[in-house]
């Protein structure tokens, strides 16, 4: 017998098998690797589905947002992952992203910087280019509209102050929240970010439209100018 050969999931105790574990104990007790193993169904000759899943997750530092960026071709570089399994992984992650997007669309009111992040992260958090969005609010902090104001390359975008406040006047917004993403993943505001924030804040004061916050958003976190005392 080959002592180095991995034990098949079928040979595990029933409580340790991902599918059975989900049915007996619920989905929340499963690790990311176990959930992914259920998607894969099987591993390779020398590696169980769970071990294969752990190896794939380790390649992206166990970050599901980074995993979602991998193409089918990149996933298929892992031994044991063919086209069907790659498509299954991509499909599951895309369904998760759409679920978060739907949740964001029905959230009617801004209560904190975290609520802004939860709304905007599914929209801009995983993009490979930078986008600048404005959330328009009424006097109860309920969302009137979310508008993309600009779309740029890897290093920045340009924002037209006149267009930002023209829309605010059209829909009778009393406050706005600025948001943009950093594809680099850094949550440190640049000098340009700070200057734009102050420019829009001053323009808003003139028109009686308050700038409540400016969030820099990445795939896994955010920086709030308001929380950091930068407004």
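Rounding to the nearest 10 and keeping the result within 0 to 90°, find how far the Cα-based axis of helix 83-105 lies from the longest principal axis of the chain.
Once rounded, the angle reads 30 degrees.
For helix 161-170, report the angle its Cα long axis makes with the longest principal axis of the Cα atoms of the chain; keep it between 0 and 90° and round to the nearest 10°.
80
Sort 149, 76 by Cβ crowding within 10 Å, fewest neighbours at the top. Show your work: numbers first, answer last.
Values: 149 19, 76 16.
Listing 149, 76 from fewest to most nearby Cβ atoms yields 76, 149.
Looking at the square roots a ≥ b ≥ c of the eigenvalues of the Cα gyration tensor of the stretch 40-100, which shape do they give, rounded for a/c under 1.5, prolate if a/b is larger than b/c, or oblate?
Prolate is the answer for the stretch 40-100, as a/c is 1.5 or above and a/b outweighs b/c.
How far apart, in nm, are two points set 7 Å out from the Cα along the Cα-to-Cβ line at residue 87 and at residue 226?
The modelled label-to-label distance comes out at 4.5 nm.
Anyone know which of 213, 193, 160 comes out most mobile in the 10 Å Cα GNM of the chain?
160
Binning at 10 angstrom from zero up to the longest distance, how are the C-alpha pair distances of the stretch 19-139 distributed in percent?
For the stretch 19-139, the binned pair fractions read 11, 36, 29, 17, 6, 1, 0 percent.
Give the label of the value calculated from the structure for volume of the Cα convex hull per residue in Å³, choosing from [x] 116; [y] 144; [z] 201.
[y]
So what's the stretch 107-224 giving for Rg/Rh, alpha carbon basis, Kirkwood Rh from the mean inverse pair distance?
Expressed as Rg/Rh, it is 0.93.
Quote the FRET efficiency, to the nearest 0.05, computed for residue 128 versus residue 24 with a Förster distance R0 of 30 Å and r equal to the Cβ-Cβ distance.
The value I calculate is 0.15.
With angles folded into 0 to 90 degrees, how steeply does helix 113-124 sit against the dominant principal axis of the chain? Use alpha carbons for both and round to 10.
For helix 113-124, the angle is close to 70 degrees.
Separation between the residue 171 and residue 79 pseudo-spin-labels, each 7 Å from Cα along Cα→Cβ, expressed in nm?
It is 5.4 nm.
Which whole-angstrom value gives the distance between the alpha carbon centres of the stretch 113-168 and the stretch 170-205?
With the stretch 113-168 and the stretch 170-205 each reduced to a Cα centre, they are spaced 8 Å.
Just so you know, all these numbers are worked out from the coordinates, no wet-lab data involved. Values in this document were obtained by computation on a predicted structure and should not be read as measured data. Counting neighbours? That spans all protein chains shown, and the Cβs are built from the backbone with ideal geometry, glycine included.
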